[in-house]
């Protein structure tokens, strides 16, 4: 694991939690008993809503079968990013707009991510575009923020098109540049 990225993610999560506590904004989500997570911090209320918080994942997630099937190796920063925490998506912003860092809620969510990665990589190959892997959604549904699998740069791309712009040289620098937000409405 990239230790610098781990430290950057830890600092962002700490800032995220502190901001929400200072604003007295509870982290809540609808509870699904068939979708358990160590993020759960309360029992469901009368409306089926629970409190949650990001929780460090103590196991390294295994991308090797998917990598082998696709004949590629995912960038180490991607593996660190998705392996560090169990969490709902983390809302943030830049001077250009709002975004949500994608995160994994549980092991089943990881399996779903792997399936989505397969589809995404196959689409990129079919379109003869460089392989990028999504790490965030933006407030404009036509654009995603991705990690360039070869260079590790964080890029902005319109869905189905090649990356349009480099946002940061690496994932640590990108996350360091983010501000915490409450929602991505």
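The values are calculated or read from the model by the stated rules, or taken from the named source; none is laboratory data. This is a predicted model, so every value here is computed, not measured. Neighbour counts are summed over all protein chains in view; Cβ atoms, including those assigned to glycine, are modelled from backbone coordinates with ideal geometry.
Below, the figures for the structure above:
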quantity	calculated
Selection count where residues are under 20 Å from residue 63 (Cβ atoms) and part of a loop (DSSP other than H, G, I, E, B), scope the range 105-135	4
From the options 68, 23, 53, residue that is surrounded by fewer than 16 Cβ atoms within 10 Å (Cβ to Cβ), at negative phi and at pLDDT 95 or above	68
Conditions (1) modelled with pLDDT of 95 or more; (2) surrounded by 15 or more Cβ atoms within 10 Å (Cβ to Cβ); number of the one not met by residue 112	(2)
Elements of type strands (runs of 3 or more DSSP E) in the range 48-104, at least 1 residues being without any contact (Cβ under 8 Å) to a residue 40 or more places away in the chain	49-51
The range 148-173, residues that are within 17 Å of the chain's Cα centre (by Cα), in a loop (DSSP other than H, G, I, E, B) and in contact (Cβ under 8 Å) with a residue 24 or more places away in the chain	149, 152, 170
Every residue from the range 121-155 that is closer than 25 Å to residue 181 by Cβ, in contact with a strand residue (DSSP E or B) (Cβ under 9 Å, 6 or more places away or on another chain) and surrounded by fewer than 17 Cβ atoms within 10 Å (Cβ to Cβ)	139, 140, 142
Residue match in the range 22-29 (condition: part of a loop (DSSP other than H, G, I, E, B) and touching a strand residue (DSSP E or B) at 6+ places or on another chain (Cβ under 8 Å))	yes
Condition met for residue 79 (closer than 29 Å to residue 156 by Cβ, in contact with a strand residue (DSSP E or B) (Cβ under 7 Å, 6 or more places away or on another chain) and either at pLDDT 95 or above or surrounded by 14 or more Cβ atoms within 10 Å (Cβ to Cβ) (or both))	no
Whichever residue in the range 1-11 is assigned to a helix (DSSP H, G or I) and surrounded by fewer than 19 Cβ atoms within 10 Å (Cβ to Cβ) and, among such residues, is modelled with the lowest pLDDT	3
Any hit, the range 136-147, residues being touching a helix residue (DSSP H, G or I) at 6+ places or on another chain (Cβ under 9 Å), outside any loop (DSSP other than H, G, I, E, B) and touching a residue at least 60 places away in the same chain (Cβ under 8 Å)	yes
